[in-house]
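Chemist: Input: one structure, supplied below.
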Amino acid sequence: MRKRLYILLLIIFASQILTAQDTLLSEVLDIKNSANVENYFILLKKTRDREKYIEQLREENEKISEKIGIINNYINAINAQLTSTKKSYAKLLVFVYLNKFYSYNTFSFILSARNFNEAYFRYKYIEVITQYIKKLHISIKRLKTELVYQKSTLEKNLKMQNDILQKIEHQRALNQEDLAKLREIDKNRKVYEKFIESLKEYERNQQFIFSEINKSLNNLSQIESPNADSKFESLKGKLPSPLQNAEIVIPYGVHRHSSMKRVKITNNGVDIISESDNAVKAVYAGKVIKVLPLPNYKYAVLLKHGDYFTVYSNLTKVSVKEGSLVLQGQILGYINTGSGNKTTLNFQLWYKTKKLNPENWIKF
């Protein structure tokens with residue numbers, strides 16, 4: 001009996017452990033889905049963009065705070081002026097009542113004067129007091145209207161400030177989630193190993209493309225293409241993006257992560273993503289000198305524009321052939337939709353054997 005009970009307890013305990021492991025495994029798998037170079041740098045970019053956005057919100061909040069301070073000071077000044085005007089108005093009404101200017105006919109009051117000069121003086125005196133009473137009344141109404149308007153403006157600004165503070169908190173919360181994912185990649189051994197393997201694959205593709213470009217450059221004199229040097233140079237900073245609605249996710253150059261010391265990536269170009277476009281287009285007219293099968297079973301297309309080269313890699317389908325001439329904006333191929341419904345393209349730009357930063361040439 002005891003033996004059966006012991007076995008039963010062991011089975012329950014083991015099932016609980018397995019359930020816990022399954023839960024942990026599912027969490028790790030979720031992180032694993034992000035443990036590649038593309039997603040890693042997308043997460044980094046999102047956190048950096050949010051930090052910039054949070055900073056913009058803070059600056060906007062400071063401006064609104066200054067505006068609220070100015071409005072509050074103005075409201076206090078209006079209140080002080082309104083109080084003073086009301087006191088003057090009240091005193092004048094008391095004065096008029098005590099002197100009984102309106103307790104009998106104004107015309108009779110003027111006619112009861114002893115002479116013409118006194119009658120004229122009484123007439124002007126009543127006229128001045130009447131105008132001053134009207135002026136004070138109008139002033140009080142104007143101040144009350146202005147006060148209502150300023151209080152309404154203050155309420156709107158306070159609401160805007162509250163909305164901004166909520167946005168800041170929301171963006172901070174999102175950042176914490178993404179930063180937690182990045183930290184988990186670093187902490188979890190299996191996930192980290194997968195990420196490092198993805199990083200190595202990325203580097204292999206970069207090195208392969210670099211090697212193929214060098215081979216092409218060695219045969220430069222044998223390759224015919226339109227002489228586009230001067231025209232190409234004049235379009236620096238104005239060339240269209242090879243993907244529509246694109247933004248840079250991995251910039252040009254060497255990048256090292258602050259906490260993951262072994263993580264370093266060298267990008268000979270820029271990696272760009274787009275949520276709405278997967279058709280890769282030529283940034284300028286040129287000649288297709290290479291269609292390269294890449295180690296990751298994708299393709300790269302090399303175009304020549306005089307002594308300039310553009311490289312479009314990570315294509316899953318190619319629409320041009322080696323030796324063909326292409327026009328600016330012509331579709332070179334397509335990229336499969338990646339994670340988060342985004343497409344990622346590695347784009348490089350060369351002048352002879354010199355790598356150039358595409359960010360200085362392309363209008364993203």
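Chemist: Residue 354 passes all but one of (1) surrounded by fewer than 18 Cβ atoms within 10 Å (Cβ to Cβ); (2) touching a residue at least 24 places away in the same chain (Cβ under 8 Å); (3) within 22 Å of residue 203 (Cα to Cα); which number fails?
Modeler: Status for residue 354: all satisfied but (2).
Chemist: Any idea which of (1) in contact with a Ser or Thr (Cβ under 9 Å, 6 or more places away or on another chain); (2) farther than 30 Å from residue 312 by Cβ is the one residue 214 doesn't satisfy?
Modeler: Looking at each condition in turn, residue 214 falls short on (2).
Chemist: Looking for something in contact with a Leu (Cβ under 6 Å, 6 or more places away or on another chain) and modelled with pLDDT under 80 - is there at least one such residue anywhere in segment 34-42?
Modeler: First, the residues of segment 34-42 that are in contact with a Leu (Cβ under 6 Å, 6 or more places away or on another chain): 37.
This time we only want the ones that are modelled with pLDDT under 80, so: 37.
Among the residues of segment 34-42, at least one is in contact with a Leu (Cβ under 6 Å, 6 or more places away or on another chain) and modelled with pLDDT under 80, which makes the answer yes.
Chemist: Restricting attention to segment 232-272, report how many residues are at pLDDT 85 or above, outside any loop (DSSP other than H, G, I, E, B) and not β-branched (Val, Ile, Thr).
Modeler: 9
Chemist: Related question: When both residues are 6+ apart or on different chains and their Cβ atoms are under 7 Å apart, which pairs have a first residue that lies in segment 176-205 and is touching a residue at least 60 places away in the same chain (Cβ under 8 Å), and a second that is charged (D, E, K, R)?
Modeler: Correct list of pairs: 178/46; 191/32; 191/184; 192/186; 194/32.
Chemist: Among the listed residues 100, 134, identify the single one that is modelled with pLDDT under 80, of a type in the set (Lys, Arg) and surrounded by fewer than 11 Cβ atoms within 10 Å (Cβ to Cβ).
Modeler: On the way: 134 fails: modelled with pLDDT under 80.
It is 100.
Chemist: So which strands (runs of 3 or more DSSP E) are wholly in segment 280-364 and hold at least 2 residues that are of a type in the set (D, E, K, R) and more than 25 Å from residue 43 (Cβ to Cβ)? Reasoning before the result, please.
Modeler: Values: elements: 286-293, 299-305, 308-315, 331-334, 343-351, 354-356.
Counting at least 2 such residues, we get 286-293, 354-356.
The values are calculated or read from the model by the stated rules, or taken from the named source; none is laboratory data. Just so we're clear, the structure is a prediction, and the values are computed from it rather than from any experiment. Backbone-built Cβ (ideal geometry, glycine too); neighbour counts: all protein chains shown.
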